[in-house]
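Step one of this worksheet: look at the structure below.
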Amino acid sequence: MSVQMIQPKPAPKLRLKGISKEFIAPRTGQRTLAVADFNLDVQPGEFICIVGPSGCGKSTVLNMIAGLEKSTSGSIEMDGKAISAPGAERGVMFQDYALFPWKSVRDNVGFGLRHGTAGAGMAKAEREDRINHFVQLVGLKGAESKYPHQLSGGMRQRVALARLLANGPDVLLMDEPLGALDAQTRLVLQVELLRIWGETGNKDDRKTVIFITHGIDEAVFLADRVVVMSSHPGRVSAVLDVDIPRPRTEEVRLDPRFAELSEEIWSLIRDEAYRAIA
Amino acid sequence: MSMNVNTRPADVMPPWAKAITLPIILVVIWQAWAMTLPETSPAPAPLKVVQSFVELTASGELVWATLQSLGRVLAGFAIALAAGLSLGVLMGSSRMVRENLDPIVESFRPIAPMAILPIAILWFGTGTPAALTIVAYAAFFPLLINTIHGVSRVDRQLIRAAQTMGISRLRIVIAVVVPAAIPSVLLGSRLAMGVAWTAIIAAELAVGAKSGGGTSGGVGQMMFVFYAYSIDLNGIVVCMIVVGVIALLIDRLFRLVERHLLPWRN
Ligand SMILES: Nc1ncnc2c1ncn2[C@@H]1O[C@H](COP(=O)(O)OP(=O)(O)OP(=O)(O)O)[C@@H](O)[C@H]1O
Ligand SMILES: [Mg+2]
C-alpha cells in the first residue's frame with residue numbers, strides 16, 4: 001500500500017479566474033476596461049493585500065468578489081461555488097464607509113446584527129455586548145450616540161470597521177480601511193487587526209482577508225501575500241510572498257527583510273506612479 | 001471694533017417679535033385707511049373684523065365650521081398620505097412599476113382638484129365624502145411625487161452596504177429606503193397640507209353654492225354665505241385669518257415632527 005506523500009493543496013477559499021470588467025457608460029456608450037485577465041487563488045485564512053496605483057481597478061475587483069458587480073468575463077468562486085450575489089459571509093468595508101446617516105454610531109455598528117443574517121437568533125443582550133465590544137475596540141467609546149455627520153473622517157472609518165467586524169463575516173473585503181486614520185492610530189489598528197484575524201491562534205480559525213491599501217509598509221506588515229496591480233487595464237503584475245514570521249510585532253518594521261520587500265514593491269509600481277503625475 | 005455678530009441690534013429682538021412687527025404696522029395702516037371711509041362702507045376694517053370674530057365665536061358658528069373643515073383636511077390628508085406613500089415607495093423602488101404608472105400619474109396631475117368636483121358630487125352628493133375626495137386628490141400628488149423622488153434618490157451605496165450584510169430585499173426597503181426618503185416625504189407632506197386647505201375651501205365654497213347654505217358646513221361654506229347672502233366682507237376676512245393661522249400652526253407642527261424624526265440632520 002502506498003502512502004500518499006504529497007499533501008493535497010487545500011481547496012482555495014476564493015478563486016478568481018480570468019476576470020475582466022468593462023464599464024459601459026449608459027448614455028455615451030463609452031467603454032472603460034477597468035480590469036483584464038485577473039487571476040488569483042486565495043487560501044482559507046489567508047491575508048491578502050492589494051496595492052496599485054489609483055484607478056487601477058482595486059475597488060472594482062473587490063466589488064466583484066462581494067457580488068455587487070458582475071464581471072464581464074471569467075469566473076469567481078467561493079468554496080467552489082460561483083458567486084452571483086452579495087452575501088453576509090463576505091463582509092465589505094467600503095472606501096467611502098457607506099454609513100447610514102440617520103443612525104447613531106451604535107446603530108450603525110449594530111445594523112447588520114439587527115437587520116441581517118449575522119444577528120439572526122441572537123438575544124438582545126448578546127447583540128448589545130457585541131456592539132459595545134467593537135465600539136470599544138476601535139476607540140469610539142463615548143461617541144456611541146453621535147451621528148455620522150458629527151464625526152471626523154477617521155472616526156467614520158472606525159465606525160465602518162467596527163460594523164464590519166461586528167457582523168463577523170467569513171471573508172473580509174476591506175477597501176483602504178485605515179486610509180483616513182492618523183499615523184499612530186493606523187499602526188495601533190494594524191496590530192489590532194492581526195489579533196482579530198487570529199494571528200496568534202490556530203491557523204484554521206483565521207478569517208480570509210482581502211485588504212486594499214496604498215501603504216506599501218502596511219501591506220508588508222499585514223499580508224501573507226501582496227498582490228501588486230498595474231493599470232489601464234488593471235491586472236496583476238506581481239504576487240509577492242511575505243516570508244516574515246508571525247506573530248508580527250512592531251520590531252518587524254526594523255527587520256531587513258521588511259525593507260527589502262517594501263523596496264521591491266515600490267520598484268514595481270514606481271514607474272507607473274511617476275508616469276501618472278508626469 | 002467688535003466683530004461679534006451676536007451684539008448686532010437686530011438680533012436683540014426675539015424671532016416671534018420679528019415675525020409680528022410687519023403685520024402690526026400693516027394692520028395699523030389698514031385701520032387708518034378704513035377710518036377715512038364712510039361708516040356704511042362694506043370695506044372690511046380691522047376693528048370690524050375683530051368685532052365679527054367675537055360675534056362668530058360667541059355664537060359657536062365659527063368654531064363648528066372650523067372643526068368641520070379641519071376634520072376634512074386631516075382625513076383627506078391621511079388618505080392621501082397612505083396612498084401617496086405606498087404607491088410612491090412602489091414606484092420609487094421598482095422601475096417596472098414606475099414606467100407603467102408614470103404616464104397615468106402625469107396625465108392626472110395637471111387636472112385641478114376643482115375639475116373633479118362634478119364627478120365627486122355625482123358619486124357622493126354634496127356632503128363630506130365629496131369634500132374628502134377633493135382634498136385627498138389634491139394632497140395625493142405632492143406626497144406621491146416627493147416620495148418617488150426621495151425613494152429613487154437613495155444613496156445606492158447604502159443599499160449595497162445593506163446587501164453585503166445579508167439583509168433581505170423587503171427589509172432593505174423598510175430599514176434603508178424609507179428612512180432615507182423621510183426628508184422628501186416630509187417636504188411633500190408640508191406641500192400637501194397647503195394644497196389640502198386650498199382644496200377644502202374651494203370645495204366647500206362650490207358645494208355651498210349648490211346646496212344654497214345647506215348641510216355641508218365648513219369654513220368655505222361660511223365664506224360663501226357671507227358673500228352671497230349677507231355681503232359681510234368682515235366675516236370673510238375672519239374666515240381667511242382663521243384658515244391662515246391654523247395652516248401656519250400645522251406647518252409649525254410639521255417642523256417639530258421634522259426635528260424629532262430627523263435628529264441626524266443639522
Ligand atoms: N461605475 C463605473 N463606471 C465607469 N467606470 C468606472 C466605474 N467604476 C470604476 N470605473 C473605472 O474603472 C477604473 C478602476 O476604478 P476603481 O475604483 O476600481 O479603482 P481603484 O484602484 O479602486 O482606485 P483608487 O485607489 O483611487 O480607489 C477607473 O478607471 C474608473 O474610472
Ligand atoms: Mg478604490
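The values are calculated or read from the model by the stated rules, or taken from the named source; none is laboratory data. Here the structure is a predicted model, which is why all the values come from computation and not from measurement. In this analysis, Cβ positions are derived from the backbone assuming ideal geometry, glycine residues included, and neighbour counts consider all displayed protein chains. To get the accessible areas, we keep the full protein, side chains included, count just its heavy atoms, and leave off ligands, DNA and RNA. Shrake-Rupley method; radii C 1.70, N 1.55, O 1.52, S 1.80 Å.
With N the number of residues in the protein assembly as shown, Rg(Cα) / (2.2 N^0.38 Å) evaluates to 1.38.
Show which lysines lie in cross-link reach of A:LYS70 when reach means a straight Cα distance below 28 angstrom and same-chain residues fewer than eight apart are skipped. Within reach: A:LYS13, A:LYS17, A:LYS21, A:LYS58, A:LYS81, A:LYS207. Helix B:233-261 against the longest principal axis of chain B: what's the angle in degrees, Cα atoms only, rounded to the nearest 10? So the inclination is approximately 30 degrees.
Look at the stretch B:176-182: the mean tally of other chain Cβ atoms within 10 Å of its residues' Cβ atoms is 2.
Pairwise Cα distances in region A:99-169 exceed 15 Å in 43 percent of cases. Peptide B:151-161 has a mean shielding of 4, counted as Cβ atoms of other protein chains within 10 Å of each residue's Cβ. Surface listing: B:TRP16, A:TRP266 arranged by accessible area from highest to lowest gives B:TRP16, A:TRP266, probe 1.4 Å.
Take the Cα of B:ASP102, step 7 Å toward its Cβ, do the same at B:ILE25, and the gap between the two points is 4.8 nm.
Remark: spin-label model distance A:ASP182-A:ARG127 equals 3.5 nm, labels positioned 7 Å along the Cα→Cβ axis. In chain B, the longest principal axis of the Cα atoms and the axis of helix B:46-58 are about 80 degrees apart.
Accessible area per residue was computed with a 1.4 Å probe on protein heavy atoms; A:TYR274 scores about 140 Å².
Figure note: B:PHE140, B:PHE226 ranked by solvent-accessible area, largest first, 1.4 Å probe, ligands and nucleic acids not counted: B:PHE140, B:PHE226. Overall size of region A:82-231 from C-alpha positions, given as principal axis extents largest first: 42, 35, 32 Å.
Rolling a 1.4 Å probe over the protein heavy atoms of region A:99-169, with every protein chain left in place, gives an accessible area that is 45 percent carbon and sulfur.
At the residue level, B:LEU122 shows approximately 150 square angstrom of accessible surface with a 1.4 angstrom probe and all protein chains present. The accessible-area ordering, largest first, of the residues B:LYS18, A:LYS207, A:LYS21 stands as B:LYS18, A:LYS207, A:LYS21, per a 1.4 angstrom probe. Relative to the longest principal axis of the Cα atoms of chain B, the long axis of helix B:128-152 lies at roughly 40 degrees. In straight-distance terms, cross-link reach from A:LYS146 covers every one of the aspartates and glutamates whose alpha-carbon lies under 14 Å from its own, apart from those fewer than eight places away in the same chain; here that gives A:ASP107.
Taking all protein chains together and rolling a 1.4 Å probe, A:SER54 ends up with roughly 100 Å² accessible. Calculate log10 I(q)/I(0) of region A:1-112 for q = 0.20 Å⁻¹, where I(q) comes from the Debye formula with a single equal point scatterer on each Cα and nothing for solvent. With one equal scatterer per Cα and no solvent, log10 I(q)/I(0) is -1.17.
With helices defined as uninterrupted DSSP H runs, which ones in chain A have an alpha carbon span along their own long axis of at least 15 Å and mean Kyte-Doolittle hydropathy of at least 0.0?
On the way: long enough: A:124-137 (20 Å, -1.18); A:153-167 (22 Å, 0.11); A:183-197 (21 Å, 0.59); A:256-277 (30 Å, -0.32).
Helices meeting the criterion: A:153-167, A:183-197.
In terms of overall dimensions, the C-alpha atoms belonging to region B:56-265 reach 69, 37, 20 Å along their principal axes, ordered largest to smallest. Take the Cα of A:ALA273, step 7 Å toward its Cβ, do the same at A:SER237, and the gap between the two points is 1.1 nm.
Contact order, relative form, for region A:99-169: 50 percent (alpha carbon pairs under 8 Å, 6 or more residues apart, mean separation divided by residue count). Per residue, the protein assembly as shown reaches -17500 deg cm²/dmol at 222 nm when only DSSP H runs of four or more residues are counted, each adding -39500 (n - 2.57).
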